[in-house]
Each structure stands twice: as structure tokens, then as C-alpha cells.
Amino acid sequence: MTPLIAGNWKMNGTLADARSLAQEVLGGAQAGGFSCELLVCPPFVHLSAVGGALGEGAVRLGGQDCHTAAGGAHTGDVSATMLRDLGCGYVIVGHSERRADHGEDNALVRAKAEAALAAGLVPIVCVGETLDERIAGQALAVIGRQLKGSVPVGMAAERLVVAYEPVWAIGTGRTATPGDVAEVHAEVRRVLGGLVGESAAQVRILYGGSVKPDNAAELLAQENVNGALVGGASLKAADFLAIAGACS
């Protein structure tokens, strides 16, 4: 399958910053001949400008979150239908920062993934354990519960992406070892088998936890790692493109 390198820009950048970064990423993608799919997920307010800068083709556009409803009285929220209308093909749901900062549980994440699917988007469903959970030896159990609660049952594999993001490695400079990543991604693949059947082998599983140019190649070489969800490093075009270049 084609690896996916997704950049989550989070709540960063002015309009000018976003447009400039998009242009740099697009230029690098057009010149680089990468063997992966590139995706950027800017803040909602910059989606239109970034989409205009990217055009169609070399770099895809995605949202960072969506509401469960297609529309209605939900002040401050954005629907999956709106994202699709702006040219998005993907949306991140269940990111650890949403789960922690906004109290999102598995049922809500599943509802958002279902809304994304209904709107024609591919949900990137995020799962991951805290440091306390890992120390307690609960990482695989936690991730299994999150997957079973967050992934719509029986969905087509080509319409799903899962991202494993150990909470303790996001923005901390700490990174899971290649062995840790391989173990968790194997478990994600196993659990997906019970949710989507034999097609689970075709679901792209991304690693997201302080992925940088200097560790990307080793992480992406692990079995069942089909790309990366990149945070801070996606805010520098050179770094993001270097990670994309690490895809074999």
C-alpha cells in the first residue's frame, strides 16, 4: 500500500504562514518524486487558503476534527460536510489532545468517524496510551479498547486510517523505540481484523509521536508502519519533506 505522511499543523501560524508553508510543501512534493501520499491538516480558518495554494494533486488537504452532525446549532464547530466542501479528503478524529482537552470518549470519536465517512472523507482515527498506562503494562489493552470503541464496525479498509500516537511522546521529544512501535502496530492490525475482517491488512496504520527527519527512516521501516502523523516537524517544510523522503 502507498504510505501516508500526514502533517497536523495544530493551532499554529498566521494566514501568511499557512499559505507560505503550503507552497513550500507543494514545491517540494512536485520536485521530490516521493513514493508516499502527502497530506496537510491546517487549522480550520486556513483551510481555504491552503487548499487554494495546493490546488489538486501532489498534496492532499485534511481537517483536524469534525462534528458528529452535518449541520445545525453547534456554535464554533465544523462539520465533515463543510470540510469536504472545502476540498478535504481526510479528517483527524480522536487525537489525544481532543480526548484530553475536550473530554472526547471513544463513542464520540466513533460518531465523528461515521460522520466523516457519510460526508465522503477518510477518518484518521487516533489511539494511544499515557505514560502511566504504559508503565503499568496496560498499553496494548488501552489501545485495544480505544480501537473497538472508536472504529466503525465493518467499514471498508480503504476508507480508514489509524494513527498510533503514544501520548507520552507527543511534543515531549521522547519517541517510542522501534520495538515498541512494532509491538503496538501489530496489535492494532490484530484488533482491526475483528473489526473490518480480512481487509484489515489493507488499513494504513500511521505512527505519530515526535517523528523527525533523524528517526523517520527507522520508524517507517517497522512492519505494519504505513506512514506517519507528524506534528511539530510538519511546520517546517524541509523537515516534513525529509520525513516523506524516508519512505521506502
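Just to be sure, is Leu229 crowded, with 22+ Cβ neighbours inside 10 Å, touching a helix residue (DSSP H, G or I) at 6+ places or on another chain (Cβ under 8 Å) and closer than 16 Å to Cys126 by Cβ? Criteria not met by Leu229. Of the listed requirements (1) surrounded by fewer than 15 Cβ atoms within 10 Å (Cβ to Cβ); (2) touching a residue at least 12 places away in the same chain (Cβ under 8 Å), Val161 misses just one: (1).
If the requirement is being among the hydroxyl-bearing types (Ser, Thr, Tyr), under 17 Å from Arg99 (Cβ atoms), at pLDDT below 95 and surrounded by fewer than 18 Cβ atoms within 10 Å (Cβ to Cβ), which of these qualifies: Thr177, Thr172? It is Thr172. Just one residue in the set Glu97, Glu104 is outside any loop (DSSP other than H, G, I, E, B), within 26 Å of Tyr164 (Cβ to Cβ) and of a type in the set (Asp, Glu); that residue is Glu97. Looking across segment 53-77, just one residue is in contact with a Cys (Cβ under 6 Å, 6 or more places away or on another chain) and part of a loop (DSSP other than H, G, I, E, B), and that is Gln64. Taken over segment 31-47, the residue count meeting the criterion of being in contact (Cβ under 8 Å) with a residue 60 or more places away in the chain and either over 19 Å from the mean Cα position of the chain (by Cα) or within 21 Å of Gly76 (Cβ to Cβ) (or both) is 1. Any residue at all in segment 31-42 that is among the hydroxyl-bearing types (Ser, Thr, Tyr) and surrounded by fewer than 19 Cβ atoms within 10 Å (Cβ to Cβ)? Within segment 31-42 (the criterion being among the hydroxyl-bearing types (Ser, Thr, Tyr) and surrounded by fewer than 19 Cβ atoms within 10 Å (Cβ to Cβ)), the answer is yes, since at least one residue qualifies.
Out of Asp101, Asp85, Asp17, one residue alone is at pLDDT 95 or above, closer than 30 Å to Val142 by Cβ and acidic (Asp, Glu). It is Asp101. Here His67 meets the list (1) surrounded by fewer than 22 Cβ atoms within 10 Å (Cβ to Cβ); (2) more than 18 Å from Ala228 (Cα to Cα); (3) out of contact with any strand residue (DSSP E or B) (no Cβ under 6 Å at 6 or more places or on another chain); (4) not charged (D, E, K, R) almost entirely, failing just condition (3). Among the residues making up segment 101-128, a single one is without any contact (Cβ under 8 Å) to a residue 24 or more places away in the chain and at positive phi: Gly103. Just so you know, in segment 134-144 the residues that are over 17 Å from His95 (Cβ atoms) and surrounded by 14 or more Cβ atoms within 10 Å (Cβ to Cβ) include one that is farthest from the chain's Cα centre (by Cα), and it is Gln138. Remark: pairs (first residue in segment 48-67, touching a residue at least 12 places away in the same chain (Cβ under 8 Å) and of a type in the set (D, E, K, R); second residue surrounded by 18 or more Cβ atoms within 10 Å (Cβ to Cβ) and outside any strand (DSSP E or B); Cβ separation under 7 Å; 6+ apart in sequence or on different chains) = Asp65/Arg98. When the criteria are applied in full, Ala113 meets the requirement of being of a type outside the set (D, E, K, R), out of contact with any Asp or Glu (no Cβ under 6 Å at 6 or more places or on another chain), surrounded by 23 or more Cβ atoms within 10 Å (Cβ to Cβ) and in a helix (DSSP H, G or I).
Going through (1) exposed (fewer than 14 other Cβ atoms within 10 Å of the Cβ); (2) under 30 Å from Leu219 (Cα atoms); (3) not acidic (Asp, Glu) one by one, Arg98 falls short only on (1).
The values are calculated or read from the model by the stated rules, or taken from the named source; none is laboratory data. Just so it is clear, the model here is predicted, and its values are computed rather than measured. Because the Cβ atoms are built from the backbone with ideal geometry, glycine has one as well, and the counts that use them run over all protein chains shown.
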